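First up is the structure itself, then whatever we jot down about it.
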Amino acid sequence: MPPLNLAIIGCGGITLQNHLPGFALCPDTRVTALCDTDPAVLDRARQQCPAPWVSADYRDIIARDDIHAVVIATPNHTHAAIAHAAIARGKHVLCEKPLALNAADARAMADAADRAKVRHMTAFTYRFVPAMRYLRDLVARGDLGQPYHYRSCRLQDWGTRALGWRQIQCLAGTGELGDMLSHRIDFALNLVGPIRRLVAHLVNIHPLRQGNPSDLDDWVALIAEFANGATGVLESSKLASGRNESWRSLDSVELNGSERSFLFVTGDWNHLQTGRRGGPGFERIDVPESYWRWPGSPRDPQSGDPLVAFRYDQAWEFIDAIRSQRPCVPGFHEGARVQAVMDAAVLSAQTRQWIEIS
């Protein structure tokens, strides 16, 4: 098949860690354009991937007819404008989460992409953890029974270091809610189903980070009621001292149902814990090797750090969906559903009451 030419707009840490290594594994796929407003960031990315075209203006990149697909990894407030510009030029789009600053904008992005018949994907990277994929299939085939409870806990120790645009509301929208809890909201919707209503609390513990104002949440928690009657508790924090960061810190999801319970921990990528109703306790079970990489992915699951390399399968899913002319998993509509829950969480924290989600 003819090569797919890809542009990456926003060349920070996520691009260096996830996108560039992931697309490098995809056959007949070339990252031919890089874009960032920071010359130093752009230069660092070009050292890792010597793309022939670079620009500080995304419009220059999107205007090129020889660019077939675009990855958006910029500050959150720019996602919608860049996505609409790319969609209008017929480009397929992979966008980092959260998809937009509100659900209305996220839904508009999804609808525009559908009308243009381009592939669209939201970067919920943790969907690609082998244990998460296996858990989803176990729940779908009924092993859990009737869902009773969902709980997730994401605890990291980021201290008071500066977070750049991620600590500024007009640029990021939300703090820990959009940064980390958005993934766990996606877990909840993917595993249990729609959330009917919720109550939330958001706390800004450090209004200054290395001398720079921070007006966003460092800690967030939700209590949720699902449409099927299950309950949910979701918590995430940047200030869990001693918990470390990234995949070295606590990231767990537990499901309790009428027949079984399951426990998923991101750091234990190829195992789950489970217990039967009335049983003696939890046991550790293996994730079958067929789940160790996304179907069709060229990645060698025995190569590299498995707690990083699973993220490369996201790139494969995007490219394969384009070539197969099928929807990406997860698409913009999944991103919009998560954004609706986030909007409700913000409103709940502001009004100190339960919020219904349509």
ask   = Tell me, which residue of the stretch 301-353 that is part of a helix (DSSP H, G or I) and polar (S, T, N, Q) is nearest to Arg107 (Cα to Cα)?
value = Gln339
ask   = Mind checking which residues of the stretch 242-285 are under 25 Å from Gly229 (Cα atoms) and out of contact with any strand residue (DSSP E or B) (no Cβ under 8 Å at 6 or more places or on another chain)?
value = Gly278, Gly279
query = Counting residues that are aliphatic (A, V, I, L, M) and out of contact with any Asp or Glu (no Cβ under 8 Å at 6 or more places or on another chain), which helices (runs of 4 or more DSSP H) fully inside the stretch 97-191 reach at least 2?
reply = 103-116, 130-140, 182-191
key: Residue that is surrounded by the most Cβ atoms within 10 Å (Cβ to Cβ), among those in the stretch 279-294 that are of a type outside the set (Phe, Trp, Tyr) and in a loop (DSSP other than H, G, I, E, B)   = Arg293
ask   = Taking helices (runs of 4 or more DSSP H) that do not extend beyond the stretch 29-95, which have at least 1 residues that are within 18 Å of Gly335 (Cβ to Cβ)?
value = 79-88
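Okay, residues lined up against (1) assigned by TED's automatic domain parsing to the domain that holds Gln169; (2) under 27 Å from Pro306 (Cα atoms); (3) surrounded by 15 or more Cβ atoms within 10 Å (Cβ to Cβ):
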| residue | (1), (2), (3) |
| --- | --- |
| Gly10 | no, yes, yes |
| Pro39 | no, no, no |
| Val54 | no, no, yes |
| Asp105 | no, no, yes |
ask   = What are the residues in the stretch 192-228 that are under 22 Å from the mean Cα position of the chain (by Cα) and on the phi > 0 side of the Ramachandran plot, if any?
value = Gly193
task = Look through the stretch 230-268, keep the residues that are assigned to a strand (DSSP E or B) and of a type in the set (Phe, Trp, Tyr), and return whichever of them is modelled with the highest pLDDT.
result = Phe262
ask   = Does at least one position in the stretch 162-180 carry a residue that is over 15 Å from the mean Cα position of the chain (by Cα), closer than 30 Å to Gly275 by Cβ and in the same structural domain as Leu272 (by TED's automatic domain parsing)?
value = no
request  = Test Ser297 against the stated conditions and say whether it is over 28 Å from Arg197 (Cα atoms) and surrounded by 12 or more Cβ atoms within 10 Å (Cβ to Cβ).
outcome  = yes
query = Identify, please: which residue in the stretch 219-245 is touching a residue at least 60 places away in the same chain (Cβ under 8 Å) and among the charged types (D, E, K, R) and is, among those, surrounded by the most Cβ atoms within 10 Å (Cβ to Cβ)?
reply = Lys238
ask   = Does Arg248 meet the test of being among the basic types (Lys, Arg) and buried (at least 17 other Cβ atoms within 10 Å of the Cβ)?
value = no
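The values are calculated or read from the model by the stated rules, or taken from the named source; none is laboratory data. Just so you know, these numbers come straight off a predicted model, no measurement behind them. So basically every Cβ, Gly included, is an ideal-geometry build from the backbone, and we count neighbours across all protein chains shown.
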